[in-house]
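First the structure, in the form of structure tokens, and then the observations on it.
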Amino acid sequence: ERPETGLRIRGLTARYGPVLALDEVDLTAPRGQITAVLGANGAGKTTLLRVVSGLLRPSGGEVLLGSRNLTDSAAEDVARAGVAQVPEGRGVITELTVEENLRLGALLGATRSRAAGDGTPAAPPVPVSDLPDVFALFPSLERRRRQSAHSLSGGERQMLVLGRALLSAPEVLLLDEPSLGLAPKVVARIFAVLRELVDAGGLAVLLVEQNARSALSIADTGVVLNLGRVVACSDASALAADDELRHAYLGF
Ligand code: ATP
């Protein structure tokens, strides 16, 4: 792993008043890998994503993307730097059509490629640059492209937010519970697409999941949080095989 690639989090601490939600968290989400962040309710997973995406200011530590320090950047600057949030499916804009939702992602993608013209990344980290690329990954979105996003199922909404994020030409994808409330078949499709994109080389994925079993089945590395601290960080298959850890923190 080249140290300058991907997302690096160092000594990250975050509070809500007296509540210490993250306590000196260290983790790395390298390019070309899926890093799963696991842990029970209240472990600090959502807080971690909020800090990384610039929505919550940390009280200590650093968030680095390559050689860029994003620690105190505003959310829009973090997005422009190439860190894309994939919110739960309810992040679709229901007043717009499927195609219009995707064009919003493409808009940011176009800005980012122009910005890259005077410097940083050479090739786009994901091979998704226009709507047909998204439709090739998720054919059901193409069939519904002119429909209001309001008419989509939960699974299609999750595919749409993922497609929109991919069109922003991200270097890092942050996913918050993408399996929540979805049918196993849909989850399998979404995870397969993530795996395919990551294996293509340039993308780093940070996957927050309560569903530890399926997350570990596609992740390269797992990081287990408990009460805001990293209690384990290891190969995904090693974590899945650790009975004690599974029973104590992962619920399976
Ligand atoms: P969940 O899966 O339930 O969202 P999580 O692992 O994402 O859990 P966080 O939501 O990050 O955990 O919460 C971490 C800690 O911070 C918990 O103790 C939680 O009660 C607390 N917390 C979260 N949001 C707030 C807030 N807005 N104000 C005060 N405390 C909060």
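Every number here is computed from the coordinates shown, using simple stated rules; none is lab data. These numbers were taken from a predicted model, which means no experiment stands behind them. Positions of Cβ are backbone-derived with ideal geometry, glycine not excepted, and every protein chain shown enters the neighbour counts.
Under the rule of at least 5 residues apart or a separate chain, name every residue whose amide H is placed under 5 Å from the amide H of Leu38.
Amide H neighbours of Leu38, under 5 Å, 5+ apart: Val223, Val224, Leu225.
Taking amide H atoms as placed 1.01 Å from N in the peptide plane, list the residues 5 or more away in sequence, or in a different chain, whose amide H sits under 5 Å from that of Gly60.
Residues meeting the criterion, in which the H sits 1.01 Å from N, are Thr13.
Considering Cα pairs under 8 angstrom that are at least six residues apart, work out the relative contact order of the chain and quote it in whole percent.
Once normalised by length, the contact order is 29 percent.
In whole Hz and in residue order, list the ³J(HN,Hα) couplings for region 199-209 that follow from phi through the Karplus curve 6.51 cos²θ - 1.76 cosθ + 1.60, θ = phi - 60°; x for Gly and Pro.
Each residue of region 199-209 in turn: 5, 5, x, x, 8, 10, 10, 10, 10, 8, 9 Hz.
If we count every other residue with Cβ under 14 angstrom of Leu227's Cβ, Lys/Arg +1 and Asp/Glu -1, where does the sum land?
Combined, the nearby Lys, Arg, Asp and Glu give +1.
Over the chain, what is the percentage of antiparallel beta bridges among all DSSP beta bridges, to the nearest 5?
Roughly 50 percent of the DSSP beta bridges within the chain come out antiparallel.
Residue by residue through region 62-72, which ³J(HN,Hα) values in whole Hz follow from phi under the Karplus form 6.51 cos²θ - 1.76 cosθ + 1.60 (θ = phi - 60°), with glycine and proline marked x?
With coefficients 6.51, -1.76 and 1.60, one gets 9, 10, 10, 10, x, 8, 8, 9, 9, 3, 10 Hz.
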